[in-house]
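Visitor: Got a structure for you, written out below as structure tokens; questions coming shortly.
The values are calculated or read from the model by the stated rules, or taken from the named source; none is laboratory data. Here the structure is a predicted model, which is why all the values come from computation and not from measurement. Cβ atoms come from the backbone with ideal geometry, glycine included; neighbour counts cover every protein chain shown.
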Amino acid sequence: MSDPEFHDAIQRVEQAYTRIDNETVRKVYAYYKQATVGDVSGKRPSPLRFRDRIKFDSWSSVSGMSKEEARAAYIDLAGNLDLNATEISCEAREASASSELGVSGEK
């Protein structure tokens, strides 16, 4: 598996990011971090830092996977993206993630 193949997959994801659902975004993030860094480390963020907690949980879900396996999974996922018909804004994505976790945006 070549680096150009991985970089092409990264570009495909970046171009389609606003049309990818949250679940797939989490998988993309997890495979990317595992492929580039390896296993997650550190403590799990508190529920008050829900974005960091989601990222941590996503990444830790593939802990133990080799960098090569994660790279292959990322390339496969990027090649088979199921895109939404409409774009999703960052605000809408975060609101959706908040509601999935039962976090209220009200103060």
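Visitor: Is it true that some residue in the range 77-100 is under 13 Å from Tyr29 (Cα atoms), of a type in the set (A, V, I, L, M, F, W, C) and either modelled with pLDDT of 90 or more or in a loop (DSSP other than H, G, I, E, B) (or both)?
Guide: Initially, the range 77-100 is screened for residues under 13 Å from Tyr29 (Cα atoms), giving 77-78.
Remaining after also requiring of a type in the set (A, V, I, L, M, F, W, C): 77-78.
Within this subset, residues satisfying the condition of being either modelled with pLDDT of 90 or more or in a loop (DSSP other than H, G, I, E, B) (or both) are 77-78.
Within the range 77-100, one or more residues are under 13 Å from Tyr29 (Cα atoms), of a type in the set (A, V, I, L, M, F, W, C) and either modelled with pLDDT of 90 or more or in a loop (DSSP other than H, G, I, E, B) (or both).
Visitor: Separate question: Can you work out which of the residues in the range 1-55 that are of a type in the set (Phe, Trp, Tyr) and modelled with pLDDT under 95 is farthest from Lys67 (Cα to Cα)? Reasoning before the result, please.
Guide: Within the range 1-55, the subset of a type in the set (Phe, Trp, Tyr) is 6, 17, 29, 31-32, 50.
Now narrow it down to the ones that are modelled with pLDDT under 95: 17, 50.
Details: Tyr17: 22, Phe50: 26 Å.
If we take residues in the range 1-55 being of a type in the set (Phe, Trp, Tyr) and modelled with pLDDT under 95, then Phe50 is farthest from Lys67 (Cα to Cα).
Visitor: Those residues that are of a type in the set (Asp, Glu) and either closer than 14 Å to Arg93 by Cα or touching a residue at least 24 places away in the same chain (Cβ under 8 Å) (or both), I need them from the range 9-51; list them, please.
Guide: Here is the first cut: in the range 9-51, the residues of a type in the set (Asp, Glu) are 14, 21, 23, 39.
Matches in the range 9-51: Asp21, Glu23, Asp39.
One line per residue, one yes/no per condition, for (1) outside any helix (DSSP H, G or I); (2) surrounded by fewer than 17 Cβ atoms within 10 Å (Cβ to Cβ); (3) not hydroxyl-bearing (Ser, Thr, Tyr):
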site: Glu23; (1), (2), (3): no, yes, yes
site: Arg26; (1), (2), (3): no, no, yes
site: Tyr31; (1), (2), (3): no, no, no
site: Gln34; (1), (2), (3): no, no, yes
site: Gly38; (1), (2), (3): yes, yes, yes
site: Lys43; (1), (2), (3): yes, yes, yes
site: Lys55; (1), (2), (3): no, no, yes
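Visitor: Quick check on my filter: what residues within the range 57-71 are assigned to a helix (DSSP H, G or I) and either surrounded by 18 or more Cβ atoms within 10 Å (Cβ to Cβ) or touching a Cys at 6+ places or on another chain (Cβ under 9 Å) (or both)? Steps first, answer last, please.
Guide: Within the range 57-71, the subset assigned to a helix (DSSP H, G or I) is 57-60, 67-71.
Listed by number, the residues that qualify are Ser58, Trp59, Ala70, Arg71.
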